[in-house]
Amino acid sequence: MNQNQKKESSKDLYSFLDDSTKQKLLPNDIEYFDIIDSTNTYLKENNLQKHPLVVVANAQTCGRGRMGRSFYSPEKTGLYMSLKYLCKTEFNPARFTISAAVAVCRALKKIASVDPQIKWVNDIYLEGKKICGILCEGIFVENFSNPFVIIGIGVNISTKNFPQELENKAGCLLQTENADVNSIKIKLCGSILDELFNVLSFIEKTGDFSAILTEYKSFLFVLCKNVSVVSCGETYQAFAKDILDDGSLLVEKLNGEDVMLNSGEISILV
Ligand code: BTN
């Protein structure tokens, strides 16, 4: 049974958007849910011809992460949002993930005055804990020659009491008990949308991804570190050398061999 529960639109979020974003996104292009299975799944499975289209939910029952993992999405304490966007450039999931990560970091700095860091490729950290994950997926829709990308972003705003397996890894943006979670959530959502459109329009206009990649690298905390890599069923130690233009991570194995990683997990060796 579909338990998705739609809400009235919120004027609040729209009023926080920059004028340039309002030119691309009309009030009806944002859908709100009290509860949804997953904002990404909703945009993937409902063949909505509209674009761009944004879905924001208060809670997700089947929030999804990379590599088939779930994303813990309890009600009211987190921001769960997805943007469906027509690709005007080649569909490269890593490039979209990098663009989204830069947009989220810019928005976190602006709205919460914090110093976020990125763990390649899609995790945003604050003070050593993951507070945000990004899941980009491509879909082809009839009548459109270009694919769509669905950019899903989940931010733990005030989430505590994580499931046991996340307890030591996950954190949240707000540490103070009496913060106005809803107001920060709406402002952050608006700012992420502004920055996403800024980054995507910049790449489309200039055809230049290198400036975004340079900004992404400035937030990364894995470069020039010894890391443990889990990729394609293999686990090994390596040195993280660089992020390449296609978003892959270049590592050097202990035997001197260079490997380009497109997916997989890394952790810093201490
Ligand atoms: C990850 O950490 O591996 C990625 C997590 C992405 C979570 C967001 S929440 C909004 C959107 N809907 C989903 O089901 N997933 C993304």
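The values are calculated or read from the model by the stated rules, or taken from the named source; none is laboratory data. Given the structure is predicted, the values throughout are model-derived calculations rather than measurements. Reconstructed Cβ throughout: ideal geometry from the backbone, glycine too, with neighbour counts over all protein chains shown. With ligands, DNA and RNA removed, areas are computed over all heavy atoms of the protein, side chains included. Shrake-Rupley method; radii C 1.70, N 1.55, O 1.52, S 1.80 Å.
Of the numbered criteria (1) at pLDDT 95 or above; (2) more than 14 Å from the ligand (Cβ to nearest atom); (3) not hydrophobic (A, V, I, L, M, F, W, C), the one Pro74 fails is (2). Inside segment 24-50, residues that are near the ligand (Cβ under 9 Å from one of its atoms), open to solvent by 20 Å² or more (accessible area, probe 1.4 Å) and touching a residue at least 40 places away in the same chain (Cβ under 8 Å) make up a count of 1. Evaluated against (1) surrounded by fewer than 21 Cβ atoms within 10 Å (Cβ to Cβ); (2) away from the ligand (no atom under 11 Å from the Cβ), Val102 falls short on exactly one condition, (1).
Search segment 51-62 for residues being touching a residue at least 60 places away in the same chain (Cβ under 8 Å) and of a type in the set (A, V, I, L, M), and hand back the single one that is least open to solvent (accessible area, probe 1.4 Å). This residue is Val54.
Reported count of residues in segment 81-121, each being assigned to a helix (DSSP H, G or I) and either in contact with a Lys or Arg (Cβ under 7 Å, 6 or more places away or on another chain) or of a type outside the set (Ser, Thr, Tyr) (or both), is 18. Evaluating Ser73 against the criteria (1) open to solvent by 80 Å² or more (accessible area, probe 1.4 Å); (2) assigned to a loop (DSSP other than H, G, I, E, B); (3) in contact with a strand residue (DSSP E or B) (Cβ under 9 Å, 6 or more places away or on another chain) leaves one unmet condition, (1).
Taking Leu196 as the residue in question, decide whether it is within 16 Å of the ligand (Cβ to nearest atom), assigned to a loop (DSSP other than H, G, I, E, B) and of a type in the set (A, V, I, L, M, F, W, C).
Values: within 16 Å of the ligand (Cβ to nearest atom): yes; assigned to a loop (DSSP other than H, G, I, E, B): no; of a type in the set (A, V, I, L, M, F, W, C): yes.
Criteria not met by Leu196.
Assessment of segment 78-91 against the conditions (of a type in the set (S, T, N, Q), open to solvent by less than 60 Å² (accessible area, probe 1.4 Å), within 16 Å of the ligand (Cβ to nearest atom) and at pLDDT 95 or above) yields at least one matching residue.
Lys205 meets the conditions (1) of a type in the set (Lys, Arg); (2) within 11 Å of the ligand (Cβ to nearest atom); (3) over 24 Å from Phe221 (Cβ atoms) in every case but one. The failed one is (2). The residues in segment 39-70 that are out of contact with any strand residue (DSSP E or B) (no Cβ under 6 Å at 6 or more places or on another chain), among the polar types (S, T, N, Q) and at pLDDT 95 or above can be counted, and the count is 3. Pairing each residue of segment 192-215 that is under 19 Å from Ile153 (Cβ atoms) and acidic (Asp, Glu) with any residue that is in a helix (DSSP H, G or I) and open to solvent by less than 20 Å² (accessible area, probe 1.4 Å), provided the two are 6+ apart or on different chains, yields C-beta distances under 7 Å for Asp194/Thr21; Glu195/Ala103; Glu195/Ala107; Glu215/Val102.
In segment 1-23, which residue that is open to solvent by 20 Å² or more (accessible area, probe 1.4 Å) and in a helix (DSSP H, G or I) is nearest to Ser183 (Cα to Cα)?
Going residue by residue through segment 1-23, those that are open to solvent by 20 Å² or more (accessible area, probe 1.4 Å) are 1-12, 14-16, 18-20, 22-23.
Next cut, in a helix (DSSP H, G or I) only: 11-12, 14-16, 19-20, 22.
On the way: Lys11: 13, Asp12: 9, Tyr14: 13, Ser15: 12, Phe16: 11, Asp19: 20, Ser20: 22, Lys22: 20 Å.
In this case the residue turns out to be Asp12.
Tell me which residues, restricted to segment 122-147, are of a type in the set (Asp, Glu), in a strand (DSSP E or B) and either in contact (Cβ under 8 Å) with a residue 40 or more places away in the chain or open to solvent by 30 Å² or more (accessible area, probe 1.4 Å) (or both). Don't jump to the end; show me each part of the working.
Going residue by residue through segment 122-147, those that are of a type in the set (Asp, Glu) are 123, 127, 137, 142.
From what is left, the residues that are in a strand (DSSP E or B) are 123, 137.
Of everything in segment 122-147, just one residue is of a type in the set (Asp, Glu), in a strand (DSSP E or B) and either in contact (Cβ under 8 Å) with a residue 40 or more places away in the chain or open to solvent by 30 Å² or more (accessible area, probe 1.4 Å) (or both), namely Glu137.
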